[in-house]
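Novice: My structure is below; once you've seen it, I'll send some questions.
The values are calculated or read from the model by the stated rules, or taken from the named source; none is laboratory data. The shown structure was predicted, so the numbers you read here are calculated from the model rather than taken from an experiment. Using ideal geometry, Cβ is built from the backbone for each residue, glycine included, and neighbour counts are taken over all protein chains shown.
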Amino acid sequence: MFELTFLGTSASAPSIHRGLSAQVISYRDQRFLIDCGEGTQRQIMRSGIGFRRLNRILITHGHLDHILGLAGLVSTFARWEAIERLEIWGGISALSRIRDLLFGVVLRGAHPKIDISLIPVETGILIEENGLRVSAFPVQHRGPDCFGYLFEELPHRPFLPEKAHQLQVPVGPIRRQLVNGEKAALPDGRVISPDDVLGPLLKGTRLIHIGDCGQTGELIEICHGADAIVIESTYTEDEADLALKYGHLTARMAAEFGRQAEAGHLYLTHLSRRHRERDILEEAQAVFANVTVAKDFDQFQIRRAN
C-alpha cells in the first residue's frame with residue numbers, strides 16, 4: 001500500500017487555493033517528494049506530514065514551477081539539520097538548473113552539515129530496497145530529460161498468522177526468519193518451513209506518477225494495469241490547441257489515456273487557474289469513471305485492486 005499526499009496542484013503559477021506542483025509518496029518508512037514547486041516547504045508544514053525522512057526528491061523536469069521550492073526547502077534543511085542526507089534525482093538538464101539554484105544562489109560556497117547529492121536519472125530501475133522498486137521512464141513534454149516514476153511494491157507471500165498460531169510459532173525473531181524465506185527451529189526442536197506459514201505469491205501495488213506530459217501513446221504499455229496514475233490535466237477540450245502547443249493534456253486526453261491503460265484510478269493535477277474543478281471532472285468522467293481531481297492536501301491510500 002502507498003500513501004499519496006498532494007501538496008500542490010496548480011499549473012504554472014499558484015492560485016488562492018492551489019500551490020505549485022509537489023506530491024509526497026510514502027511506502028512503509030520510505031518517503032519521496034515528487035517535484036518541489038514554489039512554497040512547498042510551507043505546504044509540507046500545513047499538511048502536517050513533517051520533514052522527517054523526507055530525504056529523497058524526484059524531479060519530473062526542470063521547469064521553474066516544479067523546482068523553485070527547492071531553494072527554501074534546502075535552506076531550511078541546512079539550518080534545522082532535520083535530515084543528514086538529501087538526494088535530488090532528475091534529468092541532466094534539470095539538475096544543471098538545480099545546481100545553479102542551490103549552489104549558486106542559496107548556499108553560495110557555504111558548507112552545510114547536510115550532505116546534498118544531485119543524482120542523474122536514466123530510464124530503468126533507480127532504487128530497490130525494503131520491498132519497493134522505483135523506476136524512471138521518459139515522458140514527452142517541452143524540453144529534454146522529462147521523466148515519470150513508477151513505484152512498485154515487490155511481489156510477496158503474505159504471512160498467515162493463523163497458521164503460525166496453529167503451529168505454535170512464537171511471536172518475534174522466529175516469525176521474522178520465516179517471513180524472510182528461511183527455515184526456523186522452534187524451542188521444542190521442530191523445524192518450520194516458510195511454506196508452512198506463508199500464503200501464495202501476491203503481486204504488489206503499482207503507483208505511477210507522470211507529471212507534465214504532452215503525449216501519452218508511448219506510456220500505455222508501462223502504465224497498463226497500474227492501480228493508480230497521477231497525471232496532469234492542464235486544459236479542457238475547448239483549449240486542445242493550447243495543450244498541443246505547450247505540451248500539455250486536456251482532461252479528456254488524460255481520461256482517454258487512463259481508459260486505454262486500464263488503470264485502477266486516475267488522479268488529475270496541474271490544473272490551470274482558468275478552469276473550475278467540476279468542469280475538469282465532468283469532462284474526464286465522461287470518458288473514464290474512476291477519476292479524482294486532486295486538491296491541495298488531499299491524501300489517498302493506494303492499494304492493489306482485487
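Novice: Output yes when any residue across the stretch 170-190 is among the polar types (S, T, N, Q), in a loop (DSSP other than H, G, I, E, B) and more than 23 Å from Ser26 (Cα to Cα), and no when none is.
Specialist: No - not one qualifying residue is present in the stretch 170-190.
Conditions tested, residue by residue: (1) hydroxyl-bearing (Ser, Thr, Tyr); (2) at pLDDT 95 or above; (3) more than 25 Å from Leu207 (Cα to Cα).
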site	(1), (2), (3)
Ser47	yes, yes, no
Ile57	no, yes, no
Thr60	yes, yes, no
Ile67	no, yes, no
Glu81	no, no, yes
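Novice: Looking only at the stretch 10-24, how many residues end up being modelled with pLDDT of 95 or more and either closer than 19 Å to Arg85 by Cβ or not hydrophobic (A, V, I, L, M, F, W, C) (or both)?
Specialist: Matching residues across the stretch 10-24 total 6.
Novice: Restricting attention to the stretch 102-129, report how many residues are farther than 20 Å from Gly91 by Cβ, among the hydrophobic types (A, V, I, L, M, F, W, C) and assigned to a loop (DSSP other than H, G, I, E, B). Don't jump to the end; show me each part of the working.
Specialist: First, the residues of the stretch 102-129 that are farther than 20 Å from Gly91 by Cβ: 105-115, 128-129.
Cutting the leftovers down to among the hydrophobic types (A, V, I, L, M, F, W, C) gives us 105-107, 110, 114.
From what's left, assigned to a loop (DSSP other than H, G, I, E, B): 107, 110, 114.
Summing the residues that are farther than 20 Å from Gly91 by Cβ, among the hydrophobic types (A, V, I, L, M, F, W, C) and assigned to a loop (DSSP other than H, G, I, E, B) in the stretch 102-129 gives 3.
Novice: Across the stretch 194-217, what is the total count of residues that are outside any loop (DSSP other than H, G, I, E, B) and modelled with pLDDT of 95 or more? Show your work before the answer.
Specialist: Initial filter on the stretch 194-217 (outside any loop (DSSP other than H, G, I, E, B)): 194-196, 198, 202, 206-211, 215, 217.
Among the residues that remain, those that are also modelled with pLDDT of 95 or more are: 206-210.
Of the residues in the stretch 194-217, 5 are outside any loop (DSSP other than H, G, I, E, B) and modelled with pLDDT of 95 or more.
Novice: At pLDDT below 95, surrounded by 12 or more Cβ atoms within 10 Å (Cβ to Cβ) and outside the structural domain of His63 (by TED's automatic domain parsing): is that true of Val191 in this structure?
Specialist: Details: at pLDDT below 95: yes; surrounded by 12 or more Cβ atoms within 10 Å (Cβ to Cβ): no; outside the structural domain of His63 (by TED's automatic domain parsing): yes.
Judged against the criteria, Val191 is not a match.
Novice: Further question on the same structure: Would you call Glu232 of a type in the set (D, E, K, R), assigned by TED's automatic domain parsing to the domain that holds Thr216, touching a residue at least 60 places away in the same chain (Cβ under 8 Å) and closer than 20 Å to Phe137 by Cα? Walk me through it before giving the result.
Specialist: Numbers: of a type in the set (D, E, K, R): yes; assigned by TED's automatic domain parsing to the domain that holds Thr216: yes; touching a residue at least 60 places away in the same chain (Cβ under 8 Å): yes; closer than 20 Å to Phe137 by Cα: yes.
When the stated conditions are applied, Glu232 passes them.
Novice: Quick one: would you say Gln168 is more than 34 Å from the chain's Cα centre (by Cα) and not assigned by TED's automatic domain parsing to the domain that holds Thr60? First the steps, then the outcome.
Specialist: Numbers: more than 34 Å from the chain's Cα centre (by Cα): yes; not assigned by TED's automatic domain parsing to the domain that holds Thr60: yes.
Considered against the rule, which asks whether it is more than 34 Å from the chain's Cα centre (by Cα) and not assigned by TED's automatic domain parsing to the domain that holds Thr60, Gln168 comes out as yes.
Novice: Tally the residues that are small (Gly, Ala, Ser) and either under 21 Å from Asp35 (Cα atoms) or touching a His at 6+ places or on another chain (Cβ under 7 Å) (or both), restricting the search to the stretch 252-281. Steps first, answer last, please.
Specialist: Residues of the stretch 252-281 that are small (Gly, Ala, Ser), as a first pass: 254-255, 258, 261, 263-264, 272.
Next, only the ones that are either under 21 Å from Asp35 (Cα atoms) or touching a His at 6+ places or on another chain (Cβ under 7 Å) (or both) stay: 254, 261, 272.
Qualifying residue count, the stretch 252-281: 3.
Novice: Please specify each residue of the stretch 1-16 satisfying the condition of being closer than 15 Å to Ile57 by Cα and surrounded by fewer than 22 Cβ atoms within 10 Å (Cβ to Cβ).
Specialist: If the condition is that a residue be closer than 15 Å to Ile57 by Cα and surrounded by fewer than 22 Cβ atoms within 10 Å (Cβ to Cβ), then Leu4 is the only one that fits.
Novice: Here's a follow-up. For the stretch 20-81, list the strands (runs of 3 or more DSSP E) that sit wholly inside it and hold at least 2 residues that are out of contact with any Pro (no Cβ under 8 Å at 6 or more places or on another chain) and hydroxyl-bearing (Ser, Thr, Tyr); which are they? Walk me through it before giving the result.
Specialist: Numbers: elements: 22-27, 30-34, 56-58.
Where strands (runs of 3 or more DSSP E) fall fully within the stretch 20-81 and carry at least 2 residues being out of contact with any Pro (no Cβ under 8 Å at 6 or more places or on another chain) and hydroxyl-bearing (Ser, Thr, Tyr), they are 22-27.
Novice: Restricting to the stretch 2-17, give me the number of residues that are outside any strand (DSSP E or B) and either in contact (Cβ under 8 Å) with a residue 24 or more places away in the chain or under 13 Å from the mean Cα position of the chain (by Cα) (or both).
Specialist: Of the stretch 2-17, the ones outside any strand (DSSP E or B) are 9, 11-17.
In the following step, the residues that additionally are either in contact (Cβ under 8 Å) with a residue 24 or more places away in the chain or under 13 Å from the mean Cα position of the chain (by Cα) (or both) were identified as 9, 11-15, 17.
Total satisfying the criteria: 7.
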